[in-house]
Amino acid sequence: MKRIGPSKKTHQLKILAVSDYTSKELIQRVEDGQLPEIDLTISCGDLDPEYLTFLRDRINRPLIYVKGNHDIRYSSSNPRGCEDIHGRIIRFGSLHIMGLEGCMWYNGGPNQYTEAMMKKQLFWMKLQIWKNRPIHMVVTHAPPRHIHDREDRCHMGFENFRRLIDKTAPDYFIHGHIHQEFDRLDDRITRFNGTNVINTCGYTLFEV
């Protein structure tokens, strides 16, 4: 497991989470220095690599990401200075963070998975998960099934993610993919079996 970020135990971390579309408001806040001090930026997918590079360079803090179903450019132009955590568990300070890319298979495009394919991905991570217990945060593009998702094939969540929450009980499960506008952080959060499931569409700030 790779450690990034602060080496000392951190009691309160400020996290910027982004996904799905470039936020002009966030760009302006970054340019004007109006953001609070950020410890870690997390992308839940479907964002241009140049946008992530901008956030990494201007905020000057680590940025980790998983890819979404529209991130087809990453094969030739990965975001500079950012770290792909798909299929891995990293440590940031005292947090164990697990990453899983992609969405439900709907037309055979990049970063699409059937339930069977995602189950296989989780099977190959079983030893990582066991070695790095507890898992504090799961970062995905798609949501869990029946939590924030939709009924069309593209925007269905994964049943495997619900089982992952049941088995690992993370404090946070953050995802993108489902486009929606929010006025408050609380509007983004659904509590499921003790886990805060957060839709990061656009951008949001939260502390852990």
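The values are calculated or read from the model by the stated rules, or taken from the named source; none is laboratory data. Bear in mind that the values here come from a model prediction, so they are computed numbers and not experimental data. Here the Cβ positions follow ideal geometry from the backbone for every residue, glycine too, while neighbour counts run over all protein chains shown.
Consider region 63-87 and keep the residues that are over 10 Å from the mean Cα position of the chain (by Cα) and part of a strand (DSSP E or B). The one that is farthest from residue 101 (Cα to Cα) is 63.
This table checks each residue for (1) within 13 Å of the chain's Cα centre (by Cα); (2) of a type outside the set (A, V, I, L, M, F, W, C).
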position: 117; (1), (2): no, no
position: 122; (1), (2): no, no
position: 132; (1), (2): no, yes
position: 169; (1), (2): no, no
position: 173; (1), (2): yes, no
position: 177; (1), (2): yes, yes
position: 180; (1), (2): no, yes
position: 192; (1), (2): no, no
position: 200; (1), (2): yes, yes
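Quick one: how many residues across region 163-192 are of a type in the set (Lys, Arg) and assigned to a helix (DSSP H, G or I)? Residues meeting the conditions: 3.
Being in contact with a Leu (Cβ under 6 Å, 6 or more places away or on another chain) and either closer than 18 Å to residue 68 by Cα or β-branched (Val, Ile, Thr) (or both) holds for only one residue in 208, 197, and it is 208. The set of residues in region 106-147 that are in contact with a Lys or Arg (Cβ under 7 Å, 6 or more places away or on another chain) and either of a type in the set (Val, Ile, Thr) or at pLDDT below 95 (or both) is empty. Looking only at region 193-208, count how many residues are in contact with a Pro (Cβ under 8 Å, 6 or more places away or on another chain), touching a residue at least 40 places away in the same chain (Cβ under 8 Å) and crowded, with 16+ Cβ neighbours inside 10 Å. Going through region 193-208 one residue at a time, the tally reaches 2.
Each residue in region 174-207 was checked for being closer than 19 Å to residue 99 by Cα and modelled with pLDDT under 95, and 0 of them qualify. Does residue 118 qualify as being assigned to a helix (DSSP H, G or I), in contact (Cβ under 8 Å) with a residue 40 or more places away in the chain and crowded, with 19+ Cβ neighbours inside 10 Å? Yes; evaluated as a whole, the condition is true for this residue.
The residues listed here are 81, 93, 33; of these, the one that is in contact with a helix residue (DSSP H, G or I) (Cβ under 8 Å, 6 or more places away or on another chain), over 20 Å from residue 188 (Cα atoms) and either without any contact (Cβ under 8 Å) to a residue 24 or more places away in the chain or of a type outside the set (A, V, I, L, M) (or both) is 81.
Which of the residues spanning region 39-60 are within 16 Å of the chain's Cα centre (by Cα) and assigned to a loop (DSSP other than H, G, I, E, B)? Scanning region 39-60 gives 39, 44, 45, 46, 47, 48.
Evaluate region 147-157: report whether one residue or more is within 26 Å of residue 62 (Cα to Cα), crowded, with 21+ Cβ neighbours inside 10 Å and within 18 Å of the chain's Cα centre (by Cα). No: zero hits.
Across region 58-78, the qualifying residues are those that are at pLDDT 90 or above and in contact with a helix residue (DSSP H, G or I) (Cβ under 7 Å, 6 or more places away or on another chain), and the one among them that is surrounded by the most Cβ atoms within 10 Å (Cβ to Cβ) is 65.
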